[in-house]
Each structure stands twice: as C-alpha cells, then as structure tokens.
Amino acid sequence: MGAKKIRDEDEVKQWFRQGKTYDWMIEEYKRKYNETTTRAMWSTFRSRKKLPRRNVRDAELIPWKVKEEHRYEYPVMMLRAEARRLAPDANLTKADEKRLASWKAELKELGVVVHYDPETTEGWFYVPRSEGDHELIHPPKKATGRKPRD
C-alpha cells in the first residue's frame, strides 16, 4: 500500500468517519502533502484498518450481479443511496437525500419500478409496476447478486 504515504492515520480515519470520498482524499493528500495516492491505496487502508465498508450492500434492493459497464448508471446509484438511507448508520448528504426523495417520488408518480437486464446495452430500465414488485424494483426470478455479509 505504501504505508509511508499515510502521514497521519488518525486524520485519515477521521476522514472515513466523515464519509469523505476517495477522490476527495486523493485531492486533499495532493494539496496537503504533495503526495500522489490512488483509490486502491485508500481502499486497502480502509480494509487493513477494519474500517466500515464505504458502500452498503443490500441484496433486497440490488439482487442482481451488476455488470461493470452498468455499475454507475443512475438507477443503481439511487438504489445504493436508498440502501445507505436504510442502513442503521445512515450516511447520506443533504443533496443525496433530496435527489433520492425526488427520484422515489417520480417513480411513484409514474407508477414504475427499476428493472435490470444485464444482457442489454442499457442494462437498467423503468417498467410499469406489477404485482410482486418491491417498492423500487422489479425483482428477478432468481437473485444473482452477492449475498450480504454478516
């Protein structure tokens, strides 16, 4: 990891507690210490120090194995935001709370839910709500995503 690059572990742990992004940490370290760091370095630090995961996994909201090319599309980002909102130690910014509330209201108003089809270029679709749908998603017949860790 380049442990010598971390000048003040307590400072970095505080950043994690504050929910700072890896991109923010990269920029701050460059500004403050003139050190070039990477997302992988910060992720490794988090893992080695047994800090909580940065992303919340919720197999109920995201029951699919999501292809790399679909991981940063708006519907799944909103599902992740909802997972963070529902987590016991919810960590959403005011902007994310507002964006999520607006998105959920729009889904409800339009009577649609999120559907994922990994075999398509688009991946994510909004489909009319039907019987058996969850609040936000049209669940697959068989979940293909990761199982939640204890």
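The values are calculated or read from the model by the stated rules, or taken from the named source; none is laboratory data. Just so it is clear, the model here is predicted, and its values are computed rather than measured. Reconstructed Cβ throughout: ideal geometry from the backbone, glycine too, with neighbour counts over all protein chains shown. Remember, those area values only see protein heavy atoms, side chains included, never the ligands or the DNA or RNA. Shrake-Rupley method; radii C 1.70, N 1.55, O 1.52, S 1.80 Å.
Worth pointing out:
- Flag set for Y33, criterion: at pLDDT 90 or above and loosely packed, with under 15 Cβ neighbours inside 10 Å.
- The requirement of being open to solvent by less than 60 Å² (accessible area, probe 1.4 Å) and touching a residue at least 24 places away in the same chain (Cβ under 8 Å) is satisfied by L136.
- Selection from the stretch 65-121 of residues that are within 25 Å of G19 (Cβ to Cβ), open to solvent by less than 60 Å² (accessible area, probe 1.4 Å) and aromatic (F, W, Y): W103
- Those residues of the stretch 18-30 which are surrounded by 11 or more Cβ atoms within 10 Å (Cβ to Cβ) and closer than 24 Å to A95 by Cα, in sequence order: G19, K20, T21, Y22, W24, M25, I26, E27, E28
- Of all residues assigned to the stretch 21-34, none qualifies as being within 30 Å of P140 (Cα to Cα), basic (K, R) and over 13 Å from the mean Cα position of the chain (by Cα).
- Considering the stretch 36-64, and only residues there that are open to solvent by 90 Å² or more (accessible area, probe 1.4 Å) and out of contact with any helix residue (DSSP H, G or I) (no Cβ under 7 Å at 6 or more places or on another chain), the residue that is modelled with the lowest pLDDT turns out to be R53.
- Of the residues contained in the stretch 71-82, one or more are found to be small (G, A, S), within 28 Å of Y116 (Cα to Cα) and within 12 Å of the chain's Cα centre (by Cα).
- Close pairs (6 angstrom Cβ cut-off, 6 or more residues apart or separate chains): closer than 18 Å to Y126 by Cα in the stretch 58-76, open to solvent by less than 40 Å² (accessible area, probe 1.4 Å) and of a type in the set (S, T, Y) anywhere: W64/Y116
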